[in-house]
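Note sheet for the following structure.
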Amino acid sequence: MMFMLTPPQTHYDGGLGITATNFYNAGKLLKENEKSLLDGTLPLGFLLRHAIELFLKSFIYILHKKYDISFSCGYSLEKPGILHNDKWKCHG
């Protein structure tokens, strides 16, 4: 994986990918150093689930930016929205 040595907000995906990588690495570290996974199951699950969510957001952000996919109702990459039941809602 290639990393940019610039502030996250200047990354193509707004820093979502590097933040996801940090959550994933924290989860990996917790799993490797946890004596009993029973104690760390919830924190581990949170870290890995959040990493997946951020990787997906990064992917969506990149697709919108690369292919100039427009949003509706005044939403944008800076103010994302989601279409739910035929209505646009703010999704931050």
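Annotations
- Note on region 60-92: residues that are of a type in the set (A, V, I, L, M, F, W, C), free of Cβ contacts under 8 Å to residues at least 12 places away in the same chain and within 18 Å of Leu16 (Cα to Cα) total 3.
- Restricting region 39-87 to residues that are modelled with pLDDT of 80 or more and of a type in the set (Phe, Trp, Tyr), the residue that is surrounded by the fewest Cβ atoms within 10 Å (Cβ to Cβ): Tyr67
- Pairing each residue of region 22-42 that is more than 16 Å from Glu53 (Cβ to Cβ) with any residue that is part of a helix (DSSP H, G or I) and at pLDDT below 85, provided the two are 6+ apart or on different chains, yields C-beta distances under 7 Å for Leu30/Gly40; Glu34/Gly40.
- Number of the exception - Ile18 against (1) modelled with pLDDT under 75; (2) under 16 Å from the mean Cα position of the chain (by Cα): (1)
The values are calculated or read from the model by the stated rules, or taken from the named source; none is laboratory data. Nothing here was measured: the structure is a model prediction, and the numbers come from that model. Neighbour counts are summed over all protein chains in view; Cβ atoms, including those assigned to glycine, are modelled from backbone coordinates with ideal geometry.
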